[in-house]
Amino acid sequence: MSVVTIVGAGVIGLSWARLFGAAGWEVRISDPRPDLPEIAAQHLAGLPVTLYGDLAAAADGAHFVQEAGPERIEIKEEMFAVLAAHTRGDVALASSSSSLLPSAIAKGNPAADRIVIGHPFNPPELMPLVEVVPGPLTSAQAVDRAVEVYRALGRMPIRLKKEIPGFVGNRLQKVFNDQATYLVQQGVIDVADLDDLVRASLGLRWATVGPFQSGVLGGGPEGMRHLLTHVASQMTFEIGEPDPAGMDSVLDDVEAAYGTGESAYERLAGLRDRRTRAVLEPLGWQRPPAADAAQEGPETGTDSDQRV
Ligand SMILES: NC(=O)c1ccc[n+]([C@@H]2O[C@H](COP(=O)([O-])OP(=O)(O)OC[C@H]3O[C@@H](n4cnc5c(N)ncnc54)[C@H](O)[C@@H]3O)[C@@H](O)[C@H]2O)c1
């Protein structure tokens, strides 16, 4: 049985563990958190998972590593130094980092050729995409291996041609989220209406066609060139930027709309997961691993809820 070492038992590490475990991998999960046994019992019940407080021991003998520790460069550097020293020379070391450059994570690391970004969207067990990002020193073999592993897990790995901070997904998301914040700060729309507006338009559209494909369709038979000259040419307004000093008040609005804490999180995650599972197959994505009801939160609210 292939062995994966997952580094970090947070939001992303636990989801990777469920995905690898459901696909038949032997999963080792390493995290110094003292409540690791309780967390695993709650979120990984029934899966072939072994728990480790010590990263070196967890890495020894692994066939693939998926790091999902804190998003701090100095911690990633430390973790990858241990991984380099305690894995075989042909083992790819993938980081889930959302935006850190692989070259920064691999700086001074003797296994720089094996370090690659495998950035999922949350939750990795349901979202098809994994961005595979090489640094300048990453070998073609490490990239190929990461792509092969993610494909075998039923994901859609997309290989970037070169590194850039934030990669592609989070650069797009940053522009979009900045504008969403700006619109709320300007008093144009409130938080929940903005979310509904997106779900009812761009979200649904982008689940079926990408932005360039959508541009082709928006122009009719004459295609995207027509759209650009006809509609987009009039969109000459300044888009503005959010005010970082006003972020607290936006966060207050978000918390008022959706709540905080364990039960709000479980309710929202459960709703998101049920909706995502429901659309994956009709949209042509691979069926996700068997759902464990315990992971999906209580059945509060129904999928017919118009607003969460
Ligand atoms: N949360 C997201 O939406 C998301 C999406 C995609 C990628 N990511 C990336 O995934 C990674 C993990 O993010 P997260 O949201 O799961 O974070 P998290 O804070 O939920 O989990 C991080 C875990 O790492 C553990 N940890 C700390 N030091 C460690 C060490 N030395 N060895 C092993 N584990 C250690 C912590 O105890 C914690 O359980 C980050 O790099 C993040 O950028 C996050």
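In this structure, the amide hydrogen of Ser95, modeled 1.01 Å from its nitrogen in the peptide plane, lies closer than 5 angstrom to those of Glu67, Val116, Ile117, Gly118, counting only residues at least 5 positions away or on a different chain.
Note on the chain: GNM, Cα springs under 10 Å; of Pro221, Pro288, Pro128, the largest mean-square fluctuation is that of Pro221. For the options Ser30, Ser249, Ser95, a Gaussian network treatment of the chain with springs between C-alpha atoms closer than 10 Å singles out Ser249 as fluctuating the most. Label-to-label distance for Thr276 and Ala41 is 2.7 nm, based on points extended 7 Å past Cα in the beta-carbon direction. Place a point 7 Å from the Cα of Arg287 along the Cα-to-Cβ direction; which residues of region 144-175 have their backbone N under 17 Å from it? Zone members listed by number: 153-155. The convex hull built on the alpha-carbon positions of the chain has an orientation-averaged projected area of 17.9 nm². Taking each DSSP H run with n ≥ 4 as -39500 (n - 2.57) and averaging over every residue of the chain yields -12500 deg cm²/dmol at 222 nm.
Specify the residue with the greatest mean-square fluctuation among Arg287, Arg272, Arg205, computed from a Gaussian network of the chain linking alpha-carbon atoms under 10 Å apart. Among Arg287, Arg272, Arg205, the largest GNM mean-square fluctuation belongs to Arg205. Within region 216-272, all pairs of alpha-carbon atoms sorted by distance into 10 Å bins from zero give the percentages 18, 21, 17, 27, 16, 0.
Can you give the relative contact order of region 3-159 as a percent, counting alpha carbon pairs under 8 Å and 6+ residues apart? Before the final figure, lay out each step's value.
Values: 322 pairs, mean separation 31.4, N = 157.
Contact order relative to length: 20 percent.
Along the charge dipole of region 3-159, which of Ala94, Leu44, Gly108 sits closest to the positive end, that is, farthest toward it, with unit charges on the beta carbon of Lys, Arg, Asp and Glu (+1, +1, -1, -1)? Projecting each Cα onto the dipole axis, the largest value belongs to Ala94. Taking every alpha-carbon pair under 8 Å whose residues sit at least 6 apart, the chain reaches a relative contact order of 13 percent.
A probe of 1.4 angstrom, applied to the heavy atoms of all protein chains, finds Arg277 with accessible area near 60 square angstrom.
For Val168 and Asp190, what is the calculated FRET efficiency with R₀ set at 51 Å and r taken between the beta-carbons, to the nearest 0.05?
The calculated FRET efficiency here is 0.95.
DSSP finds beta bridges in region 50-191, and of those with both partners inside it, around 35 percent are antiparallel. Remark: accessible surface ordering of Phe121, Phe80, Phe212 (largest first) is Phe212, Phe121, Phe80, probe radius 1.4 Å. With all protein chains kept in place, the per residue accessible area of the chain amounts to 54 square angstrom at a probe of 1.4 angstrom.
The fraction of accessible area contributed by carbon and sulfur in the chain is 58 percent, rounded to a whole number (1.4 Å probe; ligands and nucleic acids excluded). Relative contact order, whole percent, for region 169-258 stands at 39, derived from Cα pairs under 8 Å and 6 or more residues apart.
The values are calculated or read from the model by the stated rules, or taken from the named source; none is laboratory data. Since the structure is predicted, the reported quantities are computational estimates derived from the model, not experimental observations. FYI the Cβ positions are ideal-geometry reconstructions off the backbone, even for glycines, and counts take in every protein chain you see. Keep in mind that these areas ignore ligands, DNA and RNA; they rest on the heavy atoms of the full protein, side chains included. Shrake-Rupley method; radii C 1.70, N 1.55, O 1.52, S 1.80 Å.
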